[in-house]
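Colleague: If you scroll down you'll find the structure; I have some questions about it.
The values are calculated or read from the model by the stated rules, or taken from the named source; none is laboratory data. Remember, predicted model here, so these are calculated numbers, not experimental data. All Cβ positions, even for glycine, are placed from backbone atoms using ideal geometry, and neighbour counts span all protein chains on display. All accessible areas refer to the heavy atoms of the entire protein, side chains included, with ligands and DNA or RNA removed. Shrake-Rupley method; radii C 1.70, N 1.55, O 1.52, S 1.80 Å.
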Amino acid sequence: MKRLLTIAMMAAMTTAVGAQGFDNLPDPIEDVNKVVDNTPDSIAKALMSRPKPGTTRQGQNPVLFLVGNSTMRNGTRGDGSNGQWGWGYYANQYFDAKRITVENQALGGMSTRTFYTDLWPAVRDALKPGDWVIVSIGHNDNGEFFDAKRARAVIPGVDPDTCYVGFNQRTQRQDTVYSYGNYLRRYISETRAKGANPVLMSLTPRDAFDDKGRIVRKPQTEWAAYIAAVEGVPFVDLNERSGAKLDSYSRWKQQYHFLGDKIHTSKFGAEMNARSAAEGLWESQNPQLRPLQAMMQNVPLKVKPVKREAGKPVVFFTGDSTVKNADNDDDGMWGWASQAATVFDESKITLFNAARAGRSTRSFLREGLWDEVYNSLQPGDFVTIQFGHNDICPITDAKARGVIPGTKDTLHVYKMDNGTYEVVYSFGWYLRKFIDDVREKGATPILVSLTPRNEWPGGKIERRDGSYGKWYREVVEQTGVEFIDMHNISADALDKLFAVKKLSDDKEKAKAEVAKIKEKAGKYFKKDHTHASKIGAQLNARSMAKGLRQNKSELAKYLKK
């Protein structure tokens with residue numbers, strides 16, 4: 001028999017009130033968790049940005065509906081303009097769009113209860129046989145039951161026979177509140193009634209720690225797991241999967257997976273949660289998920305096609321064209337890592353050139369090139385990290401590779417020229433991330449300064465020690481990473497060959513003298529002042545070897561005698 005607790009009972013309204021319009025919802029609102037989960041662009045705009053349920057359906061293909069809150073849809077409009085992202089925006093990359101579409105129906109500020117009363121009816125009406133519904137919601141289920149601002153709290157636990165009744169100031173009508181488990185049962189039964197397939201997921205983790213220093217696991221996990229077991233629906237423990245990943249990271253890395261507060265995720269955190277959700281579905285042994293698994297893609301981690309041999313570590317070279325370039329023509333442009341075999345003993349170590357022309361630290365990371373290296377690493381490997389030539393470019397243009405100068409632990413949300421938003425960090429931040437990632441895998445990072453350019457101010461080769469050189473050394477001081485100053489080692493060698501002690505006092509003659517030096521030194525460069533010729537690349541490779549020997553580096557053990 002139901003236990004009924006009446007709170008502030010009032011006469012029922014004679015006029016029924018529909019779902020809350022949200023347009024006059026105060027903005028922003030801080031909840032009892034000290035979190036603002038509707039940003040100042042307003043919930044009304046968010047409602048407009050969400051697709052009408054079912055409108056993404058392609059022909060007779062099924063739709064995967066995502067039911068959740070801001071952790072699925074951060075920044076209300078979901079454009080990243082506040083630097084936050086929800087994992088629902090990255091879920092679609094794990095599903096074949098030719099076979100199923102993914103609709104992110106989540107909305108910031110929703111609880112299990114308010115999504116059910118305000119947004120679920122439209123989703124439910126759009127369901128067709130064969131569709132899928134993932135329910136992962138509950139961060140906002142605490143607070144007051146019938147307040148004017150939110151009225152979104154639910155009864156903790158899974159008891160189906162408990163409810164509270166009272167006057168809801170937000171909706172201006174009589175209302176009944178049920179347990180967390182009761183609402184989950186409703187989502188399940190109503191999804192099944194339409195011939196669709198429900199899936200329960202636990203919540204995304206928060207930036208909070210237990211007394212053992214681990215990310216807190218939310219109690220809703222046990223409740224959702226219980227309901228899933230009783231109702232016989234698939235369950236994915238997203239809270240545990242992502243929480244375990246965060247526990248494995250450094251504290252610094254763990255923190256940048258959140259942005260702005262302790263619940264909402266940065267792009268890093270959103271992508272991690274989306275992958276955790278996909279992995280949970282993909283790896284599940286529940287036979288009910290087999291039709292959905294058949295429509296999934298991209299779940300196995302992308303790795304570099306390195307050929308490993310027993311007993312041999314791998315050294316991955318990362319960077320831009322000055323590292324990567326390899327030409328079929330001896331008279332073409334070459335990167336020094338293409339010539340690494342001239343200094344390394346390949347019988348002892350495997351060389352893998354993972355650099356990519358035209359990239360900066362930022363674009364190398366954004367395009368997933370760094371993740372492929374990270375995913376490939378094993379204990380005992382080495383990674384050289386050398387960027388800079390493309391990093392101080394425009395930040396918002398089509399190539400989107402510029403970074404914030406310097407090494408401060410800073411970031412800024414930029415609106416790109418194409419209208420999208422991206423969080424951009426400092427040059428030093430990206431270097432520290434790469435270093436931290438390599439160490440996490442038990443491999444050894446080695447920071448390498450950028451190659452010198454064919455510029456000869458004052459008759460000596462250009463030294464960029466006041467910018468990149470300074471920033472490299474600051475990162476070395478901050479992290480204790482091994483450092484090879486290729487910039488100055490190669491510059492010293494080129495100065496020895498071509499520099500003059502003093503240019504003519506006559507400006508025109510001095511200009512001609514510099515031009516002559518550049519022409520002579522040009523055999524070490526190709527096509528421009530940055531890219532090396534084959535002998536220039538070999539010079540830089542020798543500089544790498546020299547630096548390793550000077551450092552008495554572990555990697556020096558794998559150099560040719």
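Colleague: Among residues belonging to segment 169-187 that are surrounded by 15 or more Cβ atoms within 10 Å (Cβ to Cβ) and assigned to a loop (DSSP other than H, G, I, E, B), point out the one that is modelled with the highest pLDDT. Quick ask: steps written out before the conclusion?
Modeller: Of all residues in segment 169-187, those surrounded by 15 or more Cβ atoms within 10 Å (Cβ to Cβ) come to 169-171, 173-175, 177-187.
After this cut, where a residue has to be assigned to a loop (DSSP other than H, G, I, E, B) as well, the list is 169-171.
Numbers: 169: 92, 170: 87, 171: 89.
Looking at residues that are surrounded by 15 or more Cβ atoms within 10 Å (Cβ to Cβ) and assigned to a loop (DSSP other than H, G, I, E, B), I get 169.
Colleague: Scan 450, 503 and give me the residue that is part of a loop (DSSP other than H, G, I, E, B), touching a residue at least 40 places away in the same chain (Cβ under 8 Å) and open to solvent by 10 Å² or more (accessible area, probe 1.4 Å). Can you show your working first?
Modeller: On the way: 450 fails: open to solvent by 10 Å² or more (accessible area, probe 1.4 Å).
After ruling out the rest, the residue left standing is 503.
Colleague: Follow-up question, since we're still on this one. Does segment 256-286 hold any residues that are open to solvent by 30 Å² or more (accessible area, probe 1.4 Å), under 23 Å from residue 437 (Cβ atoms) and aromatic (Phe, Trp, Tyr), and which are they?
Modeller: Of everything in segment 256-286, just one residue is open to solvent by 30 Å² or more (accessible area, probe 1.4 Å), under 23 Å from residue 437 (Cβ atoms) and aromatic (Phe, Trp, Tyr), namely 268.
Colleague: Out of the residues in segment 188-222 that are part of a loop (DSSP other than H, G, I, E, B) and of a type in the set (A, V, I, L, M), state the one that is farthest from residue 136 (Cα to Cα). Steps first, answer last, please.
Modeller: Pass one, segment 188-222, residues part of a loop (DSSP other than H, G, I, E, B): 194-196, 202-208, 210-214, 216-219.
If we keep only those that are of a type in the set (A, V, I, L, M) too, we end up with 196, 203, 208, 216.
Working: 196: 17, 203: 6, 208: 19, 216: 17 Å.
If we take residues in segment 188-222 being part of a loop (DSSP other than H, G, I, E, B) and of a type in the set (A, V, I, L, M), then 208 is farthest from residue 136 (Cα to Cα).
Colleague: Report every pair of residues separated by at least 6 positions or lying on different chains whose Cβ atoms are under 6 Å apart, first residue within segment 279-302 and under 11 Å from residue 100 (Cβ atoms), second in a loop (DSSP other than H, G, I, E, B) and not acidic (Asp, Glu).
Modeller: 295/99; 295/100
Colleague: Evaluate the following for residue 96: is it in contact (Cβ under 8 Å) with a residue 24 or more places away in the chain, open to solvent by 40 Å² or more (accessible area, probe 1.4 Å) and not basic (Lys, Arg)?
Modeller: Spelling it out, residue 96 is indeed in contact (Cβ under 8 Å) with a residue 24 or more places away in the chain, open to solvent by 40 Å² or more (accessible area, probe 1.4 Å) and not basic (Lys, Arg).
Colleague: Take the residues in segment 207-255 that are hydroxyl-bearing (Ser, Thr, Tyr) and free of Cβ contacts under 8 Å to residues at least 60 places away in the same chain, then tell me which one is surrounded by the most Cβ atoms within 10 Å (Cβ to Cβ). Steps first, answer last, please.
Modeller: Taking segment 207-255 as the starting set, the residues that turn out to be hydroxyl-bearing (Ser, Thr, Tyr) are 221, 226, 242, 248-250.
Next cut, free of Cβ contacts under 8 Å to residues at least 60 places away in the same chain only: 221, 242.
Values: 221: 20, 242: 27.
Among those residues, the one meeting the criterion is 242.
Colleague: Going by the conditions given, is residue 233 of a type in the set (Val, Ile, Thr) and part of a loop (DSSP other than H, G, I, E, B)?
Modeller: Yes: the conditions hold for residue 233.
Colleague: Could you tell me whether segment 467-477 includes any residue that is open to solvent by less than 40 Å² (accessible area, probe 1.4 Å), in contact with a Leu (Cβ under 7 Å, 6 or more places away or on another chain), aliphatic (A, V, I, L, M) and closer than 16 Å to residue 407 by Cβ?
Modeller: Restricting attention to segment 467-477, the residues satisfying the condition of being open to solvent by less than 40 Å² (accessible area, probe 1.4 Å) are 467-469, 471-472, 475-476.
Then drop every residue that is not in contact with a Leu (Cβ under 7 Å, 6 or more places away or on another chain), which leaves 468, 472, 475-476.
With the extra rule that they be aliphatic (A, V, I, L, M), the set shrinks to 475-476.
Right, trim to closer than 16 Å to residue 407 by Cβ and you get 475-476.
The answer is yes; a qualifying residue exists.
Colleague: Taking segment 326-372, which residues are crowded, with 19+ Cβ neighbours inside 10 Å, among the hydroxyl-bearing types (Ser, Thr, Tyr) and within 17 Å of residue 384 (Cβ to Cβ)?
Modeller: Residues satisfying the conditions are 338, 360, 361.
Colleague: Right, residue 88: of a type outside the set (Val, Ile, Thr), buried (at least 23 other Cβ atoms within 10 Å of the Cβ) and either modelled with pLDDT under 95 or in contact with a helix residue (DSSP H, G or I) (Cβ under 9 Å, 6 or more places away or on another chain) (or both) or not?
Modeller: On the way: of a type outside the set (Val, Ile, Thr): yes; buried (at least 23 other Cβ atoms within 10 Å of the Cβ): yes; either modelled with pLDDT under 95 or in contact with a helix residue (DSSP H, G or I) (Cβ under 9 Å, 6 or more places away or on another chain) (or both): yes.
When the stated conditions are applied, residue 88 passes them.
Colleague: Checking the structure you have, find out if any residue of segment 416-423 is under 28 Å from residue 352 (Cβ atoms), open to solvent by 30 Å² or more (accessible area, probe 1.4 Å) and in a strand (DSSP E or B). Show your work before the answer.
Modeller: Start the filter on segment 416-423 by keeping residues that are under 28 Å from residue 352 (Cβ atoms), which leaves none.
Taking every residue of segment 416-423 in turn, none turns out to be under 28 Å from residue 352 (Cβ atoms), open to solvent by 30 Å² or more (accessible area, probe 1.4 Å) and in a strand (DSSP E or B).
Colleague: Going by what's in this entry, would residue 390 be described as under 15 Å from residue 530 (Cα atoms) and assigned to a loop (DSSP other than H, G, I, E, B)? Break it down stepwise before answering.
Modeller: Working: under 15 Å from residue 530 (Cα atoms): yes; assigned to a loop (DSSP other than H, G, I, E, B): yes.
Yes; evaluated as a whole, the condition is true for this residue.
Colleague: Answer with yes or no whether residue 130 is part of a loop (DSSP other than H, G, I, E, B) and on the phi > 0 side of the Ramachandran plot. Quick ask: steps written out before the conclusion?
Modeller: Values: part of a loop (DSSP other than H, G, I, E, B): yes; on the phi > 0 side of the Ramachandran plot: yes.
Yes, satisfied.
Colleague: A follow-up question, please. Which numbered condition trips up residue 384, out of (1) under 28 Å from the mean Cα position of the chain (by Cα); (2) part of a helix (DSSP H, G or I)?
Modeller: (2)
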